[in-house]
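Read the structure below first, then the notes.
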Amino acid sequence: MDADDFVVRNLADQITAFTTVADTMRDRLSKLPQDEREEIEEASAVLRKVRATRDHKLLPLTVIRKDAPDAC
């Protein structure tokens, strides 16, 4: 890479911070009772679905009825 050392170091630091947070979350989740863990996993799945569809724009579609006189 043709980047200054501070750029690469910054990326490495961000990866380390993310890994630390993910490891801490996994550790804390593993210590929860099974029913609480299942509730959190279900809520996470719902949030992922909402976030995945939140910024998607729907296409402007026109409904064409076959029984309409001007239908193609």
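Quick check on the range 42-61. Is at least one of its residues surrounded by 10 or more Cβ atoms within 10 Å (Cβ to Cβ), assigned to a loop (DSSP other than H, G, I, E, B) and over 15 Å from the mean Cα position of the chain (by Cα)?
Within the range 42-61, not a single residue is surrounded by 10 or more Cβ atoms within 10 Å (Cβ to Cβ), assigned to a loop (DSSP other than H, G, I, E, B) and over 15 Å from the mean Cα position of the chain (by Cα).
For the subset of the range 21-41 comprising residues that are open to solvent by less than 100 Å² (accessible area, probe 1.4 Å) and acidic (Asp, Glu), which member is farthest from the chain's Cα centre (by Cα)?
My answer is Asp35.
The values are calculated or read from the model by the stated rules, or taken from the named source; none is laboratory data. All values reported here derive from a predicted model rather than from experimental measurement. All Cβ positions, even for glycine, are placed from backbone atoms using ideal geometry, and neighbour counts span all protein chains on display. When the accessible area is computed, the model is the full protein with side chains, heavy atoms only, and any ligands, DNA or RNA have been set aside. Shrake-Rupley method; radii C 1.70, N 1.55, O 1.52, S 1.80 Å.
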